[in-house]
1. Expected output is a single nm value to one decimal: the length gained when fully extending between residue 252 and residue 221, i.e. 0.36 nm times separation in residues minus the C-alpha distance. What is it?
2. In whole angstrom, how far apart do the alpha carbon centroids of region 215-231 and region 84-117 sit?
3. Give me 180, 122 ranked fewest to most by other Cβ atoms within 10 Å of their Cβ, as a rough exposure proxy.
4. At a threshold of 8 angstrom on Cα-Cα distance, excluding pairs fewer than six apart, so keeping six or more, what relative contact order does the chain reach in percent?
5. Hey, if you drop one equal point scatterer on each alpha-carbon of the chain and run the Debye formula without solvent, what base-10 log of I(q)/I(0) do you get at q = 0.08, 0.15 Å⁻¹?
6. Running a GNM on the chain with Cα contacts under 10 Å, which residue among 208, 33, 170 ends up with the highest mean-square fluctuation?
7. With point charges of +1 on the Cβ of Lys and Arg and -1 on the Cβ of Asp and Glu, referenced to the Cα centre of region 97-235, which listed residue (144, 122, 134) lies farthest in the positive direction of the dipole?
8. Using DSSP to call loops (not H, G, I, E or B), can you name the trypsin sites (Lys or Arg not before Pro) in region 208-265 whose Cβ has at most 13 other Cβ atoms within 10 angstrom?
Amino acid sequence: MERSAAAKYAASVFYEGFNDFDIYVEDTAPGYTKIFASILSRAISNNVTLEKIFALGERSNVLDAANKRLSSDSERKAVYIVDGDLFLLAGEREPLPKNVIALPRYCIENFLIDESTLISIMDEEHCSITQDELARRFDYSGWISRSTPILTSLFRTFAAAHYLRAGIPTVARGYTSVYMGDNGELNIEKAKQTEQEVINLLTEKYGTREVNLALQHVDDKIEHDKCFITTYVSAKDFTLPLLMIRVRALTETKAKNINLKMRISKNCSLEPFSDVVNSIKIIIGTPNFPHN
């Protein structure tokens, strides 16, 4: 039986002797707290001990726990991290508690989209093709270039639906709603059809004017100096599964996606995570994370 959010939250007391402070996140899927812990422990400091990160489930659970901590008399330091999600494009519906950090990318998997690490893993998984040749065949920059206009159009529509609180399926449709097949390429026609289905549902419910205003609101939120795919598109449901398909097509690796993700988390660039680290420092109240 799935434990309640309160039980998961209470479990952190057993690790107070091992964690210098506590971190709570959303995702409860197997392996994801390990991925978080791997990236965070690498990014923060060698002087900080984080034996375990605690997953509370949906976003509202994390926010509720954060608010309860603020209203309590606990002196234990704690940080609460939520996904950027479609809120990055739609905007937050209310101010986040001061002990909460929203990831500056859609979700933790977005930080795993790292070209050099993906190519390195392919090199480890193939016994004869050279790393340079694998990189050429993988064509990371070409795939990003081909996919960006398709996914930009799709996710601005998804974000408009989120902004309008439409309650219709968007990101949950997943990569299978737009992909072409075993090479990880996107099917333009399938993507357009998926996008149009959402637009039609929105227009039927809200009218053309409100839908256009919502799309404009989303467009105003886009930071054009950032890569749209790595920032605003769900890597859990879309980009990383598609890239994994490309990895498998070239290497025939039998490793599960979650195992590959764990390997990436141990080697991916930490630079994109720097804003998260700086926010943690502010919440914890120390610039250097000294060991207690």
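1. Values: separation 31, 0.36 × 31 = 11.16 nm, distance 3.97 nm.
Extending this stretch completely gives an extra 7.2 nm.
2. Value for the Cα centre distance between the two parts: 13 Å.
3. On the way: 180 15, 122 21.
In increasing order of surrounding Cβ atoms, one gets 180, 122.
4. Numbers: 390 pairs, mean separation 75.5, N = 292.
After rounding, I find 26 percent.
5. The computed values of log10 I(q)/I(0) come out as -0.38, -1.22.
6. Maximum among the listed residues: 208.
7. 144
8. On the way: sites: 209, 221, 226, 236, 246, 248, 254, 256, 261, 263; in loops: 226, 254, 256.
Of the trypsin sites (Lys or Arg not before Pro), the ones in loops of region 208-265 whose Cβ has at most 13 other Cβ atoms within 10 Å are 254, 256.
Values quoted throughout were computed directly from the atomic coordinates according to the rules given, and no laboratory measurement underlies them. Bear in mind the structure is a predicted one, so any value in this text is a computation, not a measurement. Backbone-built Cβ (ideal geometry, glycine too); neighbour counts: all protein chains shown.
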